[in-house]
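In what follows, a single structure is set out as structure tokens and then discussed.
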Amino acid sequence: MELTGENFKEAVSGSGTTVVDFWAAWCGPCRKFGPVFEKFADRHPGVLFGKVDIEAQPALAQAFQITSIPAVVAIRDKVVVYAKPGPLSEQALADLLARAESDAQA
């Protein structure tokens, strides 16, 4: 799901976990991480996975203080539990999701 300034608040306002990939088309590591993120998202339909194009949504990138991309942010019940730059492997995404969903600080 493409997240924008218009739909972001609504997307993360419910209970549960949201995982967000901050990216840009010109970013090589983002282009490599994108398919990993999307494949992982497809295998977890109960979790909202969203992508924020920092070029199109600079206000969202600024709100999350994104200074390096790709960056992954996990939000559980409206609270940011993880926010770090760098691409993650499928196993690291699985670990992050497990920690986020177990109410532990990721």
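Side notes on the structure shown:
- Residue match in region 58-80 (condition: closer than 16 Å to Met1 by Cβ and in a loop (DSSP other than H, G, I, E, B)): no
- Scanning region 55-79 for residues that are open to solvent by 70 Å² or more (accessible area, probe 1.4 Å), farther than 14 Å from Ala24 by Cα and β-branched (Val, Ile, Thr) returns a single hit, Val79.
- Condition check for Ala11: part of a loop (DSSP other than H, G, I, E, B) and either more than 15 Å from Pro87 (Cβ to Cβ) or in contact (Cβ under 8 Å) with a residue 40 or more places away in the chain (or both): no
- Scan of region 43-64 for residues that are out of contact with any helix residue (DSSP H, G or I) (no Cβ under 9 Å at 6 or more places or on another chain) and polar (S, T, N, Q), ordered by number: Gln62
- Of the residues Gln57, Gln65, the single one that is free of Cβ contacts under 8 Å to residues at least 24 places away in the same chain and out of contact with any Lys or Arg (no Cβ under 9 Å at 6 or more places or on another chain) is Gln65.
- Scanning region 68-91 for residues that are touching a residue at least 24 places away in the same chain (Cβ under 8 Å) and over 13 Å from the mean Cα position of the chain (by Cα) yields Asp77, Lys78, Ser89, Glu90.
- Enumeration of residues in region 4-29 that are under 20 Å from Glu101 (Cβ atoms) and surrounded by 15 or more Cβ atoms within 10 Å (Cβ to Cβ): Ala11, Val12, Thr17, Thr18, Val19, Val20, Asp21
The values are calculated or read from the model by the stated rules, or taken from the named source; none is laboratory data. In this text the structure is predicted, and so the values were computed from the model without any measurement. Here the Cβ is made from the backbone with ideal geometry for all residues, glycine too, and neighbour counts use every protein chain on show. The area values use the complete protein model at the heavy-atom level, side chains included, leaving out ligands, DNA and RNA. Shrake-Rupley method; radii C 1.70, N 1.55, O 1.52, S 1.80 Å.
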